[in-house]
Each structure stands twice: as structure tokens, then as C-alpha cells.
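The values are calculated or read from the model by the stated rules, or taken from the named source; none is laboratory data. This is a predicted model, so every value here is computed, not measured. Reconstructed Cβ throughout: ideal geometry from the backbone, glycine too, with neighbour counts over all protein chains shown.
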Amino acid sequence: MNKKSETYFIFTLISGQLIVTILNGISAIIQSRFIPPSVLGMYNSFTVIGGYLLFLQLGVMVSFRRDYSFYLGKNNANEANETAANVLGWILLITFISIIIYLILIFISVYQKNINAVIGWISQLLIIVSQFYTLYLGASYKSNSEFKKWSLINVVGSFFSFLLLPVVIFGSYLGVCIRMSLPLIVISILMHVNRPVKVKPKIDIKKIVSMMRFGLPVDLAGNLSTVGIVSTMSWVLLQRYDVTILGLVMISKLFEGLFTQLSEIILSVYTPRVTFMLGQTSNKKKCFHKLLIPMFISLIGLMLVLIVASFIIPSAVNLVIPKYSEAVPFIKVMIWASVVPILTMPRLLLIAEKKTSSLVISSLVSFIFFIVMVFMPISINTTPIWISFIYVLSRIVLGVVSALLTLKSVYL
């Protein structure tokens, strides 16, 4: 692909993602006008277990994202499809385990006659089923045409989520649960219909164990630095404060997510490309250099957007969603975590090279930094904004350490 064609391709994807971001932003603002922090906090209190269930992947998805593109780069389509079939079988197995866990929680809540808990657990069951399957399908997208379909599917999912806003307005907590789960189901169905790899699921124990050897330590450490930090932050906020504070932080996390979507689109494109190139050329310096230009352009562009947003957000929130005016300080801090996907772009080369120790070290440093900072004596009786600040710092630490370890791998 020449530079002009690649520029047009990237522009097309970013345009689609920008539509998704705008739709999600408008939807979040409208929803926030009708949903108080306490209701949002109640919903998020049921998401903690789902975050930990992602650990059931045991690194298989990490290996799949690397191995599938690598084998295709080596022109070994048979091994690529064999890998996809085994990963699909594994995803179906852990999905079944997750369903059993949520059904137990639902039955307990029914016995306790806790209708809010029943609704919350049902919504999380639907989310985890969709989430596992879309993780598998998304990792198999590689070509430009496939990424364009993926971008269009995300636009459709965001538009469907936007159409569900009346359900939130009239259904309050029930509406939030419906709106958070149904669009993910629609996206997973559309991705299934347009899936690039059509294989029958199977589980070869030796193959799965082989994938775990690389993926498990990387996945466990990686989830600690992402899902583990968010879930721990939610638990700390609930223990030290209340669901209202959790709701304020989660609306801030939503704003962070809106900006993160812009940077993750670049990451999603270059993830398979770097691995594919390494499989073709075995030249890690060439792969690293391919990351530098999109990384720096994206980083500078996003930082300029965040600076402008920091001046606009206070007035916009107070005008449009006054119920969340207390969230403004949290939002202004947490949106800066959206630069992390760009900062971690060099990490793609570590994954492609299967540099397990470097990947684990960068993730563990980030998680340990968060834990130490949150539970140190000075943080115990501090304000919740300090917890948000620690969260952002821990995410940036991940990006910086990943970049330094990649430089060491490439040049030393």
C-alpha cells in the first residue's frame, strides 16, 4: 500500500471512529441529564466481577492476536486457521463458565428478592457473552476491507445505543442496564455475520497450553494494569466513600473512554500490521520505525484536543448535565489517561517478538505503582480526586515503561 492509499485508509477509519465518538458523547450527555450519579454508581457496582472474569482468557487471546497475523505473514494459512479454531473453542468454554457464575448470582439475588441485583447480573451476563466473542472476532480482522467493515459495525452499534436513550429516560436503572448490554449484542451479531475467519471450534490441549505459555503471564500482568486497576479503584471508592462518588468517577471514566476511542483506532490498525511485518521481514528496527510517525502525530494531536477540552468541559458540563457538575474535576484529570494507547504503541513490537518478561514488567510496574500509591498512609484519608490522579499516573507509567523496554529491545 502506498502512502497516499494508507493515509486515505487511516482517514476513513478515523472518520468512522469520530462518528462513534460523537454519537457516544451525545448519548452520554443526554443520559446524564436523566440519570443521577447514585444510579450510575449502582450499575457500576455490578461490573466489578465482570472485570475479573476477563482473566479467564488465561493469555490465549494475547497469543492469538500475535500468532494469527504472524502465521499469515509467514504465508502459513493452515496454522493460522488451526490457531483460530482452538481459540474459538477456548472462548466458548470460558463463556460457558462465566454464564454459570452469573446464573448462580442471579439465583441468589432472586432468593434474596433483590430485583435490582437480578437486573444488574442479567445485564452483566449478556455483556460478558458478547464481550468474549467480539474480542475473538476483533483479533481476526487484518485487511483494509475488514477494518472498514469493523468501523461500520461500530458506527451501527453506537447509533443503536443512541436510539435506546428513551429506554434510559423512562426506565432509569433498568434502562441503563438495557442500554449498556443490548448494543454489544448487536455488535457481536454483526461481527459474526461479517467474520473474516470461519472455522469450527475445537480444543487441542497441547495447542492451548502452548499459547498460554506466552500469553498467560502477559495477560495476567496486562489485565492487572488495566481491568485490575479499574476494578480496584471502584472497590476503593465504594469502601472509602459511596456509590455517588463512584458514579462521579465513572462518568469521568466515560469521558476518558470517548477520547481513548480516537487513539485506539490507530492502535487497532497497527497491531496486526507490525506482527505481519515482523513475520515477513524479521526486521524489528523496521517495524519499530513504522510505529514512530503515527505514534507522534497521534500523541501531539490528542494532547492538543485534551488541552482544548479542559477549558470547554467545565462550562459544557454545568450547562448540559448540571447533575454531574461535581464530576468536572474528575473529568479534567481522567481524560489524560486517553493518551495511554498511543504511548503503548511500542509495546506492539514487544508482543510481536514475544518479549514476555518486558511485557510483564511494564504491566506489573503500573499496577504496583497504583496499589502502593492508593494504600500508602497519605492516601487513606485524602479526597477521591487524588484516587483519580493516581489512576492516570499509573496508566502513564505503563506507557513510559513499555516505550523504554522497547527501545532496549530494538537498539541494545
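If a residue has to be within 17 Å of the chain's Cα centre (by Cα) and among the hydrophobic types (A, V, I, L, M, F, W, C) to count, how many in region 192-234 make the cut?
Our first condition is that a residue be within 17 Å of the chain's Cα centre (by Cα); within region 192-234, this holds for 218-234.
This time we only want the ones that are among the hydrophobic types (A, V, I, L, M, F, W, C), so: 218, 220-221, 224, 227, 229-230, 233.
Summing the residues that are within 17 Å of the chain's Cα centre (by Cα) and among the hydrophobic types (A, V, I, L, M, F, W, C) in region 192-234 gives 8.
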Yes/no for residue 331 being out of contact with any Ser or Thr (no Cβ under 6 Å at 6 or more places or on another chain) and modelled with pLDDT of 85 or more = no
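Quick one: in region 234-268, which of the residues that are in a helix (DSSP H, G or I) and among the hydroxyl-bearing types (Ser, Thr, Tyr) is modelled with the lowest pLDDT?
Step by step, filter region 234-268, then rank; the result is 268.
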Among the helices (runs of 4 or more DSSP H) contained in region 32-122, which hold 1 or more residues that are in contact with a Phe, Trp or Tyr (Cβ under 6 Å, 6 or more places away or on another chain) and modelled with pLDDT of 85 or more?
-> 60-73, 77-111
Could you grab me the full set of residues in region 365-385 that are surrounded by 14 or more Cβ atoms within 10 Å (Cβ to Cβ), at pLDDT 85 or above and among the aliphatic types (A, V, I, L, M)?
-> 365, 368, 371, 373
Go through region 314-412 and tell me which helices (runs of 4 or more DSSP H), entirely inside it, have 2 or more residues that are farther than 22 Å from residue 26 by Cα.
-> 340-343, 347-352, 356-375, 377-380, 384-411
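Would you pick out the residues in region 96-132 that are small (Gly, Ala, Ser) and either surrounded by fewer than 20 Cβ atoms within 10 Å (Cβ to Cβ) or over 19 Å from residue 188 (Cβ atoms) (or both)?
Residues satisfying the conditions are 109, 117, 120.
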Matching entry among 385, 361, 396 (being within 14 Å of residue 237 (Cα to Cα), in contact (Cβ under 8 Å) with a residue 24 or more places away in the chain and aliphatic (A, V, I, L, M)) = 385
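Might you let me know whether region 169-184 holds any residue that is closer than 30 Å to residue 78 by Cβ, at pLDDT 80 or above, of a type in the set (S, T, N, Q) and in a helix (DSSP H, G or I)?
no
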Among the residues of region 204-232, the number that are part of a helix (DSSP H, G or I) and farther than 30 Å from residue 155 by Cβ is 19
If you go through region 386-400 one residue at a time, do you hit one that is more than 20 Å from residue 326 (Cα to Cα), modelled with pLDDT under 85 and buried (at least 17 other Cβ atoms within 10 Å of the Cβ)?
-> yes
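Can you name every residue in region 130-168 that is part of a helix (DSSP H, G or I) and among the aliphatic types (A, V, I, L, M)?
The answer is 135, 137, 139, 152, 153, 155, 156, 163, 165, 167, 168.
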Mind telling me which of the residues 239, 280 ends up being in contact with a helix residue (DSSP H, G or I) (Cβ under 7 Å, 6 or more places away or on another chain) and either among the polar types (S, T, N, Q) or under 30 Å from residue 82 (Cα atoms) (or both)?
-> 280
